Amino acid sequence: MIRLFRFLKPFRMAILLVFFLTFFQVLSDLFLPTLMADIVDQGIVKGDIPYILRIGGLMLLVTAGGTLCSVIAGFLSSKVASGFGKDLRSRVFTHVESFSLREFDEIGTASLITRTTNDIAQIQQVLMMMLRMAVMAPMMCVGGVMMALTRDVRLSWVIVALIPVLASAIFTIARKGVPLFKAMQTKLDKLNRVTRENLTGIRVIRSFNRGEHEKKRFDFANRDLTETGIRVNRLMAAMMPTLMLILNFSTIAIVWFGGIRIDQGNMQVGDLMAFIQYAMQIMYSLIMLSVIFVMIPRASVSANRVREVLDLVPKITDAPQVRKADDNLGMVEFLDVTFSYPGAEKPALSHISFRAGPGEVTAIIGGTGSGKSTLIHLIPRFHDVDSGSIRVDGVDVREMSQEALRDKIGLVPQKAVLFTGTVAENIRYGKETATDEEVRHAAEIAQAAPFITEMKDGYQSLISQGGTNVSGGQKQRLSIARALVRRPKIYIFDDSFSALDFKTDANLRRALKQETADSTVLIVAQRVSTVMDADRIIVLDKGKIAGIGNHGELMKTCDVYREIVSSQLSEEEIA
Amino acid sequence: MSRQGHRPGGGFGGHHRHPGGRGFGIPAEKAKDFRGTMKRLIRYLKPYRFRLLAVLVTAVLGTVFAIVSPKLLGNATTILFEGMMKKLKGAPNAAVDFDAILQILLMLGGLYVMSAAFSYIQQLIMAKVAQKTVYHLRKDLNEKLSRLPLQFYDSHTHGEILSRVINDVDNISNTLQQSLTQLITAVVTLAGVVVMMLTISPLMTGIVILTLPLSFLVTTVIASRSQRYFMGQQKALGELNGHVEEMYTGHQIVKAFGREERSISNFNKINRKLYDSGWKAQFISGVIMPLMTLINNIGYVLICVVGGVLVTHRAIQIGDIQAFIQYARQFSQPITQTANIANIIQSTIASAERVFEILDEEEEVPETAQPRIISSPKGDVQFRDVKFSYKKDVPLIENMNIDIKKGQTIAIVGPTGAGKTTLINLLMRFYEIDDGKITVDGIDLRDLQRGNLRSLFGIVLQDTWLFHGTIRENIAYGRQDATEEEIIQAAKAAHADHFIRTLPEGYDTILNEEASNISQGQKQLLTIARAILADPVILILDEATSSVDTRTEVHIQTAMHELMKGRTSFVIAHRLSTVRSADRILVMNEGRVIEQGTHEELLAEWGFYADLYNSQFSGDIPHDKKNIG
C-alpha cells in the first residue's frame, strides 16, 4: 500500500494542511476540558461569575475554531481521497489498455475489472479514513499527554500508562481478529461460489437428480461460514467492554491518585475533571483507529492487487524505430513460425510457413487445441512469436507500429463482442469516419440490414451492454459489418459464422466473396462446407501443418482432412 | 444500491460500521410492507426468545450500571472538592474524607466490571443468535430454490438471485448482530441519562434538550443536500464500471481496431464525473460529524457556564457538573445512533422483504399422492395433443403429437433462437404443459416421481456446466455411487481419458471457477463422460457448433453414437449428417414445431426444411444438387 501512496505526491500540500488542521482540531478538543478546569478552579472556587462567563465565551470560540478546522480538513480529505482514487483509476486503466492478450490471460479479465473498480474504491476509502481518523489518534495521544503535563506532571503518569495498555489491547484483538476476518471472507466467497454454481447449473443438477447433494454442499459451506461468523463476533464482543473497562479503571486511578494530590495541595479539582476527560478523548480516538486497523489488511490486499497490475510490463510494445511497409496490399507471410504460450510445455504452433496474398481465401481447419485461433492472433500481433517471423506486406510485424499493422486488418472474432451504443456506432467502431452510406453497405453485405431495419430505431437502435438485446447470430453479423466497414486489406474471420443459420451463412458468404475480392482473407472454420471452395486450406494438427492445398488436393493427400470431411458430410456430398 | 455506502466493511461481515456519520444521507431503500416483513423476520428469532430475553436483560443491566457510574464518580469529586474547600476556608480538622472516596471507588470498580461483563455476555449471546438465524434463513432460501420451477430461474438473472441469497442475508446478519443490541442500549441509555440528568438539574437538562432540534435540523438539511451527490456518484460509478467491464472484455476488439485512445479518453471523462460528485458527497456527508460535535460542544460550554454559576450559588454540587458533562456526552451519542439505526433497519427490512419474496415464490407443481416409478424403463416417448406457452396469451405449441419408439433418434433443427430448448423443458418437466400429455413408456410424466423421471434422462448441453472441483468429481456427478473404474471407463468412452491424463494432476486436476483451465471442447467431453456414467434411457444432446471443433468433434461424434445406441435420443442438430440419419426430424421456427418427418419426407414437402437444407449447399457444391432433387 505504501508504494501506491507515492501517487499522493500531487496532493502533498493538501495533506500537510490536513495534518495541521487536524492538529488544531485536536487541540481545541483538548482545550475545552482545560478551560472547564479553569472555570472550576478559578471561577467556582472564587465564586467569580464574570470569569465563568468570560471563559465560557472563550470555549465557544475554541469549539467554533475546532469545527472550522475539522470541516476544512474534511473538505481537503475528500478532495485528496477522491482525487487519488481518480488518478489511480486512470493510471491503471490506461496501463491496462496497453496490455497485450498475454497480460490479460495472466491476470484474468474478471480480476482486472475488479482491480480497476472495487479494489481502488477500497483503497480510496481507507485513505479517506486514514486522513480523518488515523491522523487524529496519535495527535490526540500526544496532545492529551501534553495537556496533562501542563496541568500536573505526576498525575500525567496515569495517562501515559493508559495509552500503551489501550493500544496493546486493541492490537491483541486485531491480531486475533484479522486472520478470522480473512477466513470469513474466504468462506463467504465459497458460499457465494456454491450458490452461483447452483444457479448456473440448475438444469444439469436437476437432470442428474443431484439436488440433495447440492443441498449438502450448500449446507456445509453455510455451516462453515456460520461457525466462523460466531467466532469472529465473539471476539469482537470482547473488544468494547475491554476498552471501556480499561478506561474506567484509569478513571478510578485518576480520581484516587488525583485525590491524594489535591489533598496535598498540589493540584486542583478542576484539573482532576480535565484529566478524566483527556483520558476519554484519547480512548475514543484509539477506538476510531482500531476501526481502521481492521480495514487496513483488506485494503492492503487490494493495494497489492492494483500494484501487480501497474507492475506488469506489457510484453508487446512498438519498436523504438518503426518501419513502414512500402505496399499496402495485405500480403501475409508466415516464415517458420513457432509460438508457445507462457508456461506451456509444448509450443502451440511449430514451424508454420505459408503465404496468403490479396484476392485469395485461405481457410484454416483443425481440431480443438490445434492452434487455429492462435495462428490468426499472431497476425495482428496479439502475441509475439518465439522464432521465425510473420511479415505483412514484406515487413516483420514486430518492426511495424501496432497501429499501422492493425489498420490493415479487419478482425471478426470467435465471440462477437459489441459495445453499448447504437447499431451505427457499433459498426462505425471499425472506421470512425465512415459515412452513413458505408455503414449501411457494410450491414447489407453482413446480412445485418434486414434485422436492423426491423428494429425500432433502425441504425439508431441501442445495443445494451454485452449486446444482450440482440441474438447470437445478429451479434455475429454486426461484428462482421464492423470489420467490413474498415475496408481492410486483410480480413480475419475466426469461426465467425457459427451462430448463423444455414441460409444466412450461405447468403453472407456469397456477398462477402465480391466485397473481399481484392483483399487477403483468412477464415478459421468448423464446417467443411465453409472452407471447401477456399483457394488454400491449411489443416492444422497439434500446432503443426498437416496439409496445405485446396479441397481436391487435400482429399487425396491428407488423412486428417479426410477424417474431418467424412465426419461432416455424407458420401455423396464428398464426391 | 445504498448498501455500498452503508457497509464499507460488508465483506468482513460488516463489523466496522462507522461510529460516526459516514454514509449519512444516503437514501435508504424502503420496504413495501414494513410491518408484515418485520413480523415475519421476528418469527425467525422465535426459537431464541429466551436468549433474546437474556440479551435484553443484560443490555438493560449493563447500561444501567454504566449510567449510574458517572453520578457516583461525581460524588467522589464532590467529596474531594468539599474537603478542599473546607481546607481553603481554614476549617479545623479539615481533611478529605478518603474513606468515603475509597468506598465509592470500590463500588465503582464493581459496577464497571459488572457493566463490562454484561455487555460482553450480551454480545456473546447475540453472536450466536444472529449467526444461527441467518444460517437458517440461508438454508431455507437454498431449499426453497431447489423447489422452484425452472421458470423462476429463467425469469430472474443470476445476479439478482445471488444478491438476495448473499448480500441481503448478510445485511440482515449485520443488523441482528449489531444494530439490534445497539438499539436496545441506545434506548435504555437515552432514558436512563435523561432521568439522571433530571435528578441533577432540570435547568441544565433543559439546556441539553434544547440542542436536540438543532441536531435534527443539521442532520436532515445536510442529508437531503448530500442525496443529490450520492445519486450522482452512484450513477457515475455504474457508468464507470460498465465502461471498464466492456473495454476489458472487448480488449481484443479494442486492440484490433486500434481504439485504445478513445477508450481511455472516454474513461477519463466518466472518471472525472465520478470524482466531481464523489468528493462532494463524501465531503457533505462528512460535515455532519463536526457539526454535531459543535452542537455538542455548545451544550457542553453552556453546561459548564450554567453549572459553574449554579455551583457558586450552592444550587448543585461540583461533582454533579462532572457527572452531567459525562451524561450530556452520552446523551447525544444514542440519538445520532438511533437515527443511523433507523436507516439501517429500514434497509434491513427491505432486504428481508426481498428474501421473503423468494420464499413466497410458487413452487414446482407437487407430485401426485402416489407417484409412480418406472423401474426398468424402455424409452418410448409420446406427445399427445400437447399445448404449451410461456406466456398465457402467446400460444407456442399447439396440438403437438409425436410418437417415438425406444432407441430412435429425433433431430431437432431450426434457426438460432427457434426455441429448441423448449422441448427439453417439457420433456424434463422443467415447465408444466397447459394441455395434453407427455408419456414415457405410456406413463404420464405428471404421474411419475420427479426424481425417477429425471433419472430417465441424460443431458449434454452446449453451455457446459462444471463445478469447482476435481475432474473426477465432475464426471462422478453423473452417478453418485460410481467406482473409480467406472469413472475412467466413462472418460474413455467419451474420449476424454487421453486429455485428462496429459494434465499435470490428471483426474485430480481442479477445475477453477470459470473452468478456464481446460478448453471449451474438453469441457464438452467431460459433460459427455458424465452423461455416459449416468447411463440414462433417454438422451438429450445439444450438438456442438463452435465450442468443440472438427477433430475433437470426430471423437465426440463417435462417443455420442456409442452413447446413443439403444437409447432414445433427442438431438438439437447442427450437422447435416446427424439430421439425415435421424429417425425423425422436428423442424422448429419461432418456438413452434412447424414440420416433422424423416429427411426424405421433409424434402419432398418442399417446405421450410427443404429451404434450409438447400441453402446450406447452394453455391458451394453445385455438383451436389442432384442429391437434393
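Let me know the Kirkwood hydrodynamic radius for segment A:332-574, please, with Cα pairs as the basis and the value in Å to one decimal.
Result for segment A:332-574 stands at 18.6 Å.
Just need the Rg to Rh number for segment A:4-311, please, alpha carbons only, Kirkwood Rh. Don't jump to the answer; show the numbers that get you there.
Values: Rg = 26.2 Å, Rh = 23.3 Å.
Here Rg/Rh amounts to 1.12.
For an R0 of 41 angstrom, estimate the FRET efficiency from the Cβ-Cβ distance between residue A:7 and residue A:399 and round to the nearest 0.05.
With a Förster radius of 41 Å, E is 0.75.
Under 5 Å between amide H atoms, partner at least 5 residues away or on a different chain: which partners does residue B:459 have, H built in plane at 1.01 Å?
B:540
Multiply the residue separation of residue A:42 and residue A:544 by 0.36 nm, subtract the distance between their alpha-carbon atoms, and state the gained length in nm to one decimal.
Net length gain for the segment: 171.0 nm.
Give me the distance in nm between label points sitting 7 Å out from Cα along the Cα-to-Cβ direction at residue A:321 and residue A:157, one decimal.
With each label point 7 Å from Cα toward Cβ, the separation is 7.9 nm.
Quote the Stokes-Einstein diffusion coefficient, in whole µm² s⁻¹, for segment A:135-227, based on the Kirkwood radius over alpha carbon pairs, a temperature of 4 °C and a viscosity of 1.567 mPa s.
74 µm²/s
Taking Cα pairs under 8 Å and at least six residues apart, what relative contact order does chain A come out at, in percent?
That works out to 14 percent.
Measure off 7 Å from each Cα along the Cα-to-Cβ vector at residue B:100 and residue A:422, then give the distance between these two points in nanometres to one decimal.
For the pair residue B:100/residue A:422, the computed spacing is 8.8 nm.
How many percent of the alpha carbon pairs in segment A:281-440 exceed a separation of 26 Å?
More than 26 Å apart: 51 percent of the Cα pairs in segment A:281-440.
Calculated FRET efficiency, residue B:30 and residue B:481, Cβ-Cβ r, R0 41 Å, to nearest 0.05?
So, using R0 = 41 Å, E works out to roughly 0.20.
In whole Å, what are the extents of segment B:133-281 along the principal axes defined by its C-alpha atoms, from largest to smallest?
Largest to smallest, the principal-axis extents are 78, 47, 19 Å.
Which residues does a label at residue B:369 reach in segment B:433-469, if reach means a backbone N under 13 Å from a point 7 Å past the Cα toward the Cβ?
None, by backbone N distance to the label point.
What average count of beta carbons from other chains do you get within 10 Å of the Cβ of residues in B:427-435? Don't jump to the answer; show the numbers that get you there.
Working: counts 1, 3, 1, 4, 0, 0, 0, 0, 0.
For peptide B:427-435, the averaged partner shielding equals 1.
What net charge do the residues around residue B:494 carry, taking every other residue with its C-beta under 11 Å from that of residue B:494, with Lys and Arg at +1 and Asp and Glu at -1?
0
Among A:133, A:557, A:338, whose Cα projects farthest towards the positive end of the dipole of the protein assembly as shown, with charges put on the beta-carbon of Lys, Arg (+1) and Asp, Glu (-1)?
A:133
Over all alpha-carbon pairs in segment B:31-169, figure out the percentage whose distance exceeds 22 Å.
Result: 64 percent of Cα pairs exceed 22 Å.
If you plug each phi of segment A:182-199 into the Karplus form 6.51 cos²θ - 1.76 cosθ + 1.60 with θ = phi - 60°, what whole-Hz ³J(HN,Hα) values come out, in order, with x for Gly and Pro?
5, 4, 4, 4, 4, 6, 5, 4, 5, 4, 4, 5, 4, 4, 4, 5, 5, 6
Calculate the radius of gyration of the Cα atoms of segment B:376-528 to one decimal place, then report Dmax, the largest Cα-Cα distance, as a whole number, both in Å.
Just the Cα atoms of segment B:376-528 yield Rg and Dmax of 18.5, 55 Å.
Give me, ordered by chain and number, the residues 5 or more places off residue A:471 or on other chains with an amide H under 5 Å from its own placed amide H.
none
Please work out the ratio of the alpha-carbon Rg of segment B:157-227 to 2.2 N^0.38 Å and round it to two decimals. Display every interim value, and only then the final one.
Values: Rg = 19.3 Å, N = 71, 2.2 N^0.38 = 11.1 Å.
After normalising by residue count via 2.2 N^0.38 Å, the value is 1.74.
Residues with amide H under 5 Å of residue A:519's amide H, sequence separation 5 or more or different chain, H placed in the peptide plane at 1.01 Å from N; which?
A:359
Calculate the FRET efficiency for residue A:165 and residue B:114 from the Cβ-Cβ distance with a Förster distance of 22 Å, rounded to the nearest 0.05.
0.60
Using the reciprocal of the averaged 1/r over all distinct C-alpha pairs, how large is the Kirkwood radius of segment B:230-358 in Å?
19.9 Å
State the three equivalent ellipsoid semi-axes of segment A:153-193, derived from the C-alpha gyration tensor as the square roots of 5 times its eigenvalues, in descending order and whole Å.
Numbers: eigenvalues 309, 7, 3 Å².
Ellipsoid semi-axes (Å, largest first): 39, 6, 4.
Neighbouring Cβ atoms within 10 Å as the yardstick, rank B:438, B:104, B:349 fewest first.
The fewest-first ordering by Cβ neighbours comes to B:438, B:104, B:349.
For labels at residue B:502 and residue B:558 in the simple 7 Å Cα→Cβ model, what's the distance in nm?
1.6 nm
Report the longest stretch of chain A that contains none of the trypsin sites (Lys or Arg not before Pro) sitting in a DSSP loop with at most 14 other Cβ atoms within 10 Å.
Counting at most 14 other Cβ atoms within 10 Å as exposed, the longest clean stretch of chain A is A:155-314.
From the phi of every residue in segment A:226-235, what ³J(HN,Hα) in whole Hz does the Karplus formula 6.51 cos²θ - 1.76 cosθ + 1.60 yield, where θ is phi - 60° and glycine or proline is x?
Result, ordered by residue: 4, 4, 5, x, 5, 5, 4, 6, 5, 5 Hz.
Select from segment B:372-418 those chymotrypsin sites (Phe, Trp or Tyr not before Pro) which occupy a DSSP coil region and have at most 16 other Cβ atoms within 10 Å, ordered by residue number.
Numbers: sites: B:383, B:388, B:390; in loops: B:390.
Passing sites in segment B:372-418 are B:390.
Take the Cα radius of gyration of the protein assembly as shown and divide it by 2.2 N^0.38 Å, with N its residue count; two decimals is plenty.
1.15
Holding the Cα-Cα limit at 24 Å, pick out from A:408/A:513; A:456/B:30; A:216/B:32; A:372/A:489 the pairs that are longer than that.
Details: A:408/A:513 18 Å; A:456/B:30 35 Å; A:216/B:32 34 Å; A:372/A:489 20 Å.
The answer is A:456/B:30; A:216/B:32.
Based only on Cα atoms, what Rg/Rh ratio does chain B have, Rh being taken as Kirkwood's radius?
1.16
Could you tell me which of A:179, A:290, A:208 has its Cα farthest along the dipole of the protein assembly as shown towards the positive end, charges placed at Cβ (Lys, Arg +1; Asp, Glu -1), taken about the Cα centre?
The listed residue farthest towards the positive side: A:290.
Within the set of other residues whose C-beta is less than 12 Å from the C-beta of residue A:237, count the net charge using Lys and Arg as +1 and Asp and Glu as -1.
Spelling it out: positives minus negatives among the neighbours equals +3.
If you take every DSSP beta bridge fully contained in chain B, what fraction is antiparallel? Give it as a percent rounded to 5.
Numbers: 20 of 38 bridges.
Percent antiparallel among DSSP bridges in chain B is about 55.
Give the longest segment of chain B that steers clear of trypsin sites (Lys or Arg not before Pro) in DSSP loops with at most 13 neighbouring Cβ atoms within 10 Å, not counting the sites themselves.
B:90-313
Give me the Kirkwood hydrodynamic radius of segment A:35-104, using the inverse of the mean 1/r over all pairs of distinct Cα atoms, in Å to one decimal.
That comes to 16.5 Å for segment A:35-104.
Return the tail of the calculated pair distribution for chain A, meaning the percent of Cα-Cα pairs more than 37 Å apart.
56 percent
The numbers here are math on the coordinates, done by the rules we state, and not lab data. Only a predicted model underlies this, so the values are computations on that prediction, with no experimental measurement involved. Neighbour counts run over all protein chains shown; Cβ positions are idealised from the backbone, glycine included.
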